[in-house]
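I have placed the structure first, in the form of structure tokens, so that the comments after it can refer back to it.
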Amino acid sequence: MKAISSAQKDNILSLSYAGLSTRQISSRTGVCKSTVAKFIKESHPDKENSCGGRPSKLTSTDKRAIIQHITTGRADNAVQATHYINSTITTTVSSQTVRNVLKAAYLKAVTKKKK
């Protein structure tokens with residue numbers, strides 16, 4: 001790692017606390033992206049990495065409510081659970097989102113028996 005002045009170190013840390021990515025910090029300070037990432041990791045080893053991606057529409061409380069609704073038998077399938085959760089929260093959620101929640105909770109769909 002190339003030697004960084006103390007002023008640059010302070011600037012990198014302040015930009016990191018402001019929530020900027022390593023690429024943004026690198027372009028603002030003129031320090032290589034990998035050097036910025038290494039310095040931030042050395043100065044804050046306990047800091048968690050951002051996983052990125054889209055934020056979840058459902059909170060953990062909503063997810064627990066869906067699972068409880070299914071396991072207690074108040075809803076037989078994901079579509080019924082979707083109607084329930086859409087009536088309780090302000091944002092609309094698709095039935096596939098509910099299926100993903102159930103899959104993450106290791107609940108599987110039951111296949112119908114043929115007559």
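Miscellaneous remarks
- Checking each residue in region 1-25 for being over 21 Å from G52 (Cβ atoms) and either open to solvent by 50 Å² or more (accessible area, probe 1.4 Å) or free of Cβ contacts under 8 Å to residues at least 12 places away in the same chain (or both) picks out M1, K2, A3, S5, S6, A7, Q8, K9, D10, N11, S14.
Results for (1) over 25 Å from the mean Cα position of the chain (by Cα); (2) small (G, A, S), shown as yes or no for each residue.
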| position | (1), (2) |
| --- | --- |
| T61 | no, no |
| A65 | no, yes |
| T90 | no, no |
| T97 | no, no |
| L107 | no, no |
| V110 | yes, no |
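- Qualifying residue in region 80-100 (condition: modelled with pLDDT under 90 and surrounded by fewer than 18 Cβ atoms within 10 Å (Cβ to Cβ)): no
- Scanning region 26-72 for residues that are in contact (Cβ under 8 Å) with a residue 24 or more places away in the chain, open to solvent by 70 Å² or more (accessible area, probe 1.4 Å) and out of contact with any Ser or Thr (no Cβ under 7 Å at 6 or more places or on another chain) gives K38, K63, T71.
The values are calculated or read from the model by the stated rules, or taken from the named source; none is laboratory data. These numbers were taken from a predicted model, which means no experiment stands behind them. Ideal geometry is used to build each Cβ from the backbone, glycine not excepted, and the neighbour counts take in all protein chains shown. In case anyone asks, the SASA skips ligands and DNA or RNA and just uses the protein heavy atoms, side chains included. Shrake-Rupley method; radii C 1.70, N 1.55, O 1.52, S 1.80 Å.
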